[in-house]
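Undergrad: If you scroll down you'll find the structure; I have some questions about it.
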Amino acid sequence: MRRGQILALVGIGTLAGGIAAAVALLVPWFPVVASKERARIDFVFWFVVVICIAIFAIVVAVLLYSVWRFRAAPDDDTDGPPIHGHTGLEIVWTLIPTVLVTSIGIVSAIVLAQNDALGKNVLHVNVTAQQFAWSFSYPEAKNLTSGTLRLPVDRSVLLTLHSKDVIHSFWVPEFGQKQDTVPGLTTTLHITPNRIGTYPVICTELCGLGHAVMRTVAIVMSQGSFDKWLKSQTKATTAPSPSVSGAAVFKENGCSSCHTLAAAGATGKVGPDLDKLRAYAGQAGKPLEAFIHESIVDPNAYIQPGFPKNVMPPFANLPPAQLDALVQYLIQSSKHA
Ligand code: CUA
C-alpha cells in the first residue's frame, strides 16, 4: 500500500470515529448514577461502546475508501476479477472479534457477580406489584408497609418481588436495573443506593390499562433519617388503635393510581371517579354501602358506563376489617364531595 492510501484510510477512520464518539459523549443519554450496581453497569456499557466505535471507524474507513477508489466506470460492464480469499486476513478478522467478544463476556460476568454479591447488614424489603400500584414492606420493622420505597444510602438492599396478578417489572432508571415480578414466582434484586435523592419507580412491563400510571418514588435518605422514619412509622401503626384506617387501606392498596378521590388527594383517571359514588350507586340502582362493597370484591358486577370492563382486579382477599374500613371511608369521603 502506498503512503497516500494509508493516510486516506486513517483520515476517514478518524473522522467517522470522532463523529461517533461525539454522539456518544456529548449527548446526555443517561440519568444520574444512584447505585453502586449502576456504576458498574455503566462501566460495561462504555467498555462496549469504545470497542464498537473503534470497529465502526475501521469498517467505515475501508468501506468509503473502497467505494471511492475501486468504483467501476459508468460504461464498464465487465465481470470483476476472480478472488480466492486471503487466509491471513481471514484469520485476523476472526481472531480480533473473538478476543473482543470474549473480553466483553468476561467483563460482564465479573460485573454481574459483583452486583449480586450482598454487602454486610443487608436491608430486606418485600415488593408487591399489582394492577396498578407498588407497595413495599419492611420485615425488620414488623412488616411496616409503605407506598413509597424508602432506602438508606450506602447499605446493601435486597428486594424480594411478588406479583398479585400479572407480570410487572420494577425499574428505577438511576439504579440501572430491572426485575420482573411474576405471579407464582419470587424474584430478587440487589441494590446499593449511593446517592441521596428521590427517583422514579416505574413499571416497565405492559400490564394493563393503568400500566403508564403504575409509578411511585424511591427515596434514598441518610441512615439516620431512615431510622427516624422507620421509628415514626412503626409507632404510628402499632399505636393502640383498634379500628383500621380506611384511608390507610385505600393508600396501601394503590387505589389512588387509578381513581380520583378528593379526600385522599387521589387524581387517577383509569377507573371511575370515587367522589361520584353516590351518583353511580343511583345509576346502578343499588344501596350505596352494598354497591361499594360489591364494586371492591367483584368489580365486574356493575361497570359504570364510559369505563372498561376487566381492568380492576377483585380485592376479594382483603381482610374483613380492612374491607369494612375501606367501605366506610368511601361512604364518608363521598359525603363531602
Ligand atoms: Cu405494572 Cu406495567
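Undergrad: Please identify the pairs in which a residue from the stretch 96-109 that is of a type in the set (Gly, Ala, Ser) and modelled with pLDDT of 95 or more has its Cβ atom under 6 Å from the Cβ atom of a residue that is in a helix (DSSP H, G or I) and open to solvent by less than 40 Å² (accessible area, probe 1.4 Å), counting only partners at least 6 apart or on another chain.
TA: Short answer, once both residue conditions are applied: Ser108/Val44.
Undergrad: For Ser137, work out the one condition from (1) on the phi < 0 side of the Ramachandran plot; (2) surrounded by fewer than 20 Cβ atoms within 10 Å (Cβ to Cβ); (3) touching a residue at least 24 places away in the same chain (Cβ under 8 Å); (4) small (Gly, Ala, Ser) it doesn't fulfil.
TA: So Ser137 meets the others, but not (3).
Undergrad: Would you be able to tell me the number of residues in the stretch 81-111 that are open to solvent by 60 Å² or more (accessible area, probe 1.4 Å) and part of a loop (DSSP other than H, G, I, E, B)?
TA: Selection size over the stretch 81-111: 5.
Undergrad: Okay, next question. Across the stretch 153-173, what is the total count of residues that are among the β-branched types (Val, Ile, Thr), surrounded by 17 or more Cβ atoms within 10 Å (Cβ to Cβ), within 16 Å of the ligand (Cβ to nearest atom) and without any contact (Cβ under 8 Å) to a residue 60 or more places away in the chain?
TA: Summing the residues that are among the β-branched types (Val, Ile, Thr), surrounded by 17 or more Cβ atoms within 10 Å (Cβ to Cβ), within 16 Å of the ligand (Cβ to nearest atom) and without any contact (Cβ under 8 Å) to a residue 60 or more places away in the chain in the stretch 153-173 gives 1.
Undergrad: If you don't mind, another one. Within the stretch 285-305, can one find any residue that is of a type in the set (Gly, Ala, Ser) and in contact (Cβ under 8 Å) with a residue 40 or more places away in the chain?
TA: No; the residues of the stretch 285-305 include none that is of a type in the set (Gly, Ala, Ser) and in contact (Cβ under 8 Å) with a residue 40 or more places away in the chain.
Undergrad: What is the number of the single condition among (1) aromatic (Phe, Trp, Tyr); (2) within 16 Å of the ligand (Cβ to nearest atom); (3) open to solvent by less than 30 Å² (accessible area, probe 1.4 Å) that Tyr199 does not meet?
TA: (2)
Undergrad: What tally of residues in the stretch 1-30 results from selecting those that are under 30 Å from His190 (Cα atoms) and either charged (D, E, K, R) or open to solvent by less than 50 Å² (accessible area, probe 1.4 Å) (or both)?
TA: 1
Undergrad: Could you please tell me which pairs satisfy a Cβ distance under 7 Å, a separation of 6+ or placement on different chains, a first residue in the stretch 174-198 that is in contact (Cβ under 8 Å) with a residue 40 or more places away in the chain, and a second residue that is of a type in the set (Lys, Arg) and open to solvent by less than 20 Å² (accessible area, probe 1.4 Å)?
TA: The qualifying pairs are Glu174/Arg38; Phe175/Arg38; Gly176/Arg38.
Undergrad: Among the residues of the stretch 128-146, how many are within 16 Å of the ligand (Cβ to nearest atom) and either of a type in the set (Lys, Arg) or in contact with a strand residue (DSSP E or B) (Cβ under 6 Å, 6 or more places away or on another chain) (or both)?
TA: Looking only at that region, the number is 5.
Undergrad: Further question: Conditions first: (1) open to solvent by less than 40 Å² (accessible area, probe 1.4 Å); (2) without any contact (Cβ under 8 Å) to a residue 24 or more places away in the chain; (3) within 31 Å of the chain's Cα centre (by Cα). Gly268 passes all but one, so which condition is the exception?
TA: (2)
Undergrad: I would also like to ask the following. Take the residues in the stretch 118-127 that are free of Cβ contacts under 8 Å to residues at least 40 places away in the same chain and either β-branched (Val, Ile, Thr) or open to solvent by 60 Å² or more (accessible area, probe 1.4 Å) (or both); name whichever of them is nearest to the ligand (Cβ to nearest atom).
TA: Val125
Undergrad: Hey, another quick one. Applying the selection to the stretch 13-47, what residues are of a type in the set (A, V, I, L, M), in a helix (DSSP H, G or I) and within 27 Å of Pro200 (Cα to Cα)?
TA: Hits for the stretch 13-47 are Val23, Ala24, Leu25, Leu26, Ala39, Ile41, Val44.
Undergrad: For the stretch 174-196, name all the residues that are aliphatic (A, V, I, L, M), open to solvent by 40 Å² or more (accessible area, probe 1.4 Å) and under 28 Å from Asn310 (Cα atoms).
TA: Leu185
Undergrad: Check Phe291 against each of (1) assigned to a loop (DSSP other than H, G, I, E, B); (2) surrounded by 15 or more Cβ atoms within 10 Å (Cβ to Cβ) and name the one condition it does not meet.
TA: Of (1) assigned to a loop (DSSP other than H, G, I, E, B); (2) surrounded by 15 or more Cβ atoms within 10 Å (Cβ to Cβ), only one is false for Phe291: (1).
The values are calculated or read from the model by the stated rules, or taken from the named source; none is laboratory data. Please read all numbers here as calculations on a predicted model, not as lab measurements. A quick note on method: Cβ atoms are made from the backbone with ideal geometry, for glycine too, and the neighbour counts reach across all protein chains shown. Surface accessibility is based on the protein's heavy atoms, side chains included, excluding ligands, DNA and RNA. Shrake-Rupley method; radii C 1.70, N 1.55, O 1.52, S 1.80 Å.
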